[in-house]
Amino acid sequence: MHEQRKCPLFYKGWYHFFYQYNPHAAVWGDIVWGHAVSKDLIHWLHLPLAMVADQWYDKNGVWTGSATILPDGKVVMLYTGSTTENVQVQNLAYPADHSDPLLINWVKYSGNPVLVPPPGILDKDFRDPTTAWLTSEGKWRITIGSKINKTGIALVYDTKDFINYELLDGILHAVPGTGMWECVDFFPVSKTEENGLDTSVNGPSVKHVVKASLDDDRHDYYSIGTYHEKNGTWIPDEPKIDVGIGLRYDYGIYYAAKTFYDQNKNRRVLWGWIGESDSEAADMQKGWASVQSIPRTILFDKKTGTHLLQWPVEEIESLRLKSYEFNQVKVQAGSVVPLDVGPATQLDIIAEFEIDNEALEKTTGSNVTFSCSSSGGTVERGALGPFGLLVLADDSLSEQTPVYFYIAKGSDGKLKTFFCNDQSRSSVASDVNKQIYGNLVPVLEGEKLSLRVLVDHSIVESFAQGGRTVITSRVYPTKAIYGAAKLFLFNNATEASVSASLRIWQMNSAFIRPYPNDKESQ
């Protein structure tokens, strides 16, 4: 069982989640579409498979697709099929019964495929159609990921009926050296509102986001810019942080993410796939591989103007149980402070840190460049960090996953704040990835350092500064499990003490089970 790219939507009271799935093994191959529904994005019910690989045009896989909800409320689905000849083509499908809120049965259009790779595009470089958006001429527009040589590109098509398509002369965007663009996403964000926008919205108070999953490095990159509807092109606000060379949705394990506009709550919701980072043998043994992240809302970060803010959907709070509060806990340089919150395998943690001002000022700057991934993790001590939380730790700290800030002072006296996640001691098991993840996080004048961390057995999702920088870690503790998992504050700086204020909730499990009347629905 291997879940990957997905197609989410909200229809007649239900959130739908279609995902790539191998019913036969915990590895890639034999890909079909699984289907689950939820009322709240948290508790899920499994439905029968939505689409299987049973036609010449999708025999080698029913791959990523996107749903578009038409003005009359009907749904159309475009998806990539891998043909009997391994050519990537785009196919059309629609619900057999639009009055069925569960959308159990799907019909593939008899004239599939509706799109084949255009001239100059290789057979295996044409995949993952986006949700369609309306142009001012009343046509629907989609974009599809591809590449030419080593340049990642997004092709643009217009259609009136989802059957006949016109390839636009230009491309939406291209970035040299980024390789194949998978799972391209294109959506508007509001510069003024605190809510999401329907995919077709455009106007002066709107920016557009282009996101691509880079096949070469398996990360999701985004950039914010301006969309020119006339010629179907998009220009980044800051070319230095263009798609694939700048900002990522997530600096840990997170790929093939997809947003949808949730008209139920006027928000844009992001889904991401969290792969495994243990061995394939371990996956085979446990019989499953990969999970989905907690869905996140996406907003434009008005303060920086360059970043998106990602935050767990509010429904996750329905799982909160007992809460604990800690105010102004002083953590001296070089110390570790236990936080007594009971078993620490399922937690929602909100924390704020303040660093000793005097130390900030008297620390001398250096011209050494800091990087989360190569600067030694939490054992490498600096004047102003690392400090933060140790999650999924056992009593003796032989296993621990630090989620932390590191403040570097440059020789110009300017401060740079890094947000990192150190997996080097996350498990005593030897067949797991122990990288150190992270990146720079912008901290603006007057802001405290803030964190939200969702801990769930083998997953740690961490949001810094309201979701400006996010890191998802997959960890595999062997001792720091169930009742033996503990939580600590730590400060491994050499000079600065920090004080921390936290609110922590024990979290309930969400149920994921078959839809109650599964038998009747087949």
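Quick one: give the max-minus-min coordinate of the C-alpha atoms of the range 26-121 along each principal axis, largest first, in Å.
Ordered largest first, the range 26-121 gives principal extents of 43, 38, 21 Å.
All other residues with a Cβ under 14 Å from the Cβ of Lys139 taken together, and with Lys, Arg as +1 and Asp, Glu as -1, what is their net charge? It would help to have the intermediate numbers written out before the result.
Numbers: positive: Arg141, Lys160, Lys230; negative: Glu137, Asp158, Asp161, Glu166, Glu229.
Local net charge: -2.
With every protein chain in place, what's the accessible area of Glu399 (1.4 Å probe, Å², nearest 10)?
In the full protein context, Glu399 sits at about 0 Å².
Could you tally the net charge around Arg468, taking each other residue with its Cβ under 13 Å from the Cβ of Arg468, Lys/Arg +1 and Asp/Glu -1?
On the way: positive: Arg248, Arg296, Lys302, Lys303, Arg452; negative: Asp250, Asp301, Glu447.
So the environment of Arg468 carries a net charge of +2.
For the range 257-316, which chymotrypsin sites (Phe, Trp or Tyr not before Pro) are both in a DSSP coil and crowded by at most 13 other Cβ atoms within 10 Å? Don't skip to the end; give the middle numbers.
Numbers: sites: Phe260, Tyr261, Trp271, Trp273, Trp288, Phe300; in loops: Trp288.
Passing both the DSSP loop test and the Cβ count: Trp288.
What translational D, rounded to a whole number of µm²/s, comes out for the chain from Stokes-Einstein when the hydrodynamic radius is the Kirkwood one over Cα pairs, at 25 °C and 0.890 mPa s?
Working: Rh = 24.0 Å.
So the translational diffusion coefficient is about 102 µm²/s.
Per residue Cα convex hull volume for the range 2-314, in cubic angstrom? Please report the intermediate quantities before stating the final value.
Values: hull volume 41.4 nm³, N = 313.
Value for the range 2-314: 132 Å³ per residue.
Which pairs, out of Lys6/Lys240; Lys211/Lys240; Lys74/Lys139; Lys150/Lys191; Lys414/Lys448, put more than 23 Å between their alpha-carbon atoms? Walk me through the numbers before you get to the answer.
Values: Lys6/Lys240 30 Å; Lys211/Lys240 15 Å; Lys74/Lys139 16 Å; Lys150/Lys191 33 Å; Lys414/Lys448 17 Å.
Those over the limit are Lys6/Lys240; Lys150/Lys191.
Over the range 418-489, what number does the Rg to Rh ratio reach, with both radii from the alpha-carbon atoms and Rh per Kirkwood? Could the numbers behind the result be given before it?
On the way: Rg = 13.6 Å, Rh = 13.4 Å.
Rg divided by Rh gives 1.02.
Return the whole-Å distance between the Cα centroid of the range 273-325 and the Cα centroid of the range 152-183.
Using only Cα atoms, the two centres lie 29 Å from each other.
Positive end of the dipole of the chain, charges at C-beta (+1 Lys, Arg; -1 Asp, Glu), about the Cα centre: which of Met77, Ala53, Val114 has its Cα farthest in that direction?
Checked the options; the winner is Met77.
Share of antiparallel DSSP beta bridges in the chain, in percent to the nearest 5?
Values: 152 of 157 bridges.
DSSP beta bridges in the chain are roughly 95 percent antiparallel.
The chain: longest stretch without exposed trypsin sites (Lys or Arg not before Pro) (DSSP loop, at most 10 other Cβ within 10 Å), sites themselves excluded? The partial results should precede the final answer.
On the way: sites that count: Lys230, Lys414.
Result for the longest clean stretch: 1-229.
Could you please report the charge total around Pro386, scoring K, R as +1 and D, E as -1 over all other residues with beta-carbon less than 11 angstrom from its beta-carbon?
With Lys, Arg at +1 and Asp, Glu at -1, the neighbours total -1.
State the cysteines of the chain left without a partner when partners are defined as other cysteines whose beta carbon lies under 4.7 Å away.
Those would be Cys7, Cys183, since no other cysteine Cβ in the chain comes under 4.7 Å of theirs.
So, in Å, what gap is there between the alpha-carbon centers of the range 124-143 and the range 54-121?
14 Å
Semi-axes of the equivalent ellipsoid for the range 324-394, please: Cα gyration tensor eigenvalues, times 5, square-rooted, ordered largest first, whole Å. Write down the numbers at each step before the final one.
Working: eigenvalues 138, 56, 20 Å².
Over the Cα atoms of the range 324-394, the semi-axes work out to 26, 17, 10 Å.
The values are calculated or read from the model by the stated rules, or taken from the named source; none is laboratory data. No experiment lies behind these values; they were computed from the predicted model shown. Because the Cβ atoms are built from the backbone with ideal geometry, glycine has one as well, and the counts that use them run over all protein chains shown. To get the accessible areas, we keep the full protein, side chains included, count just its heavy atoms, and leave off ligands, DNA and RNA. Shrake-Rupley method; radii C 1.70, N 1.55, O 1.52, S 1.80 Å.
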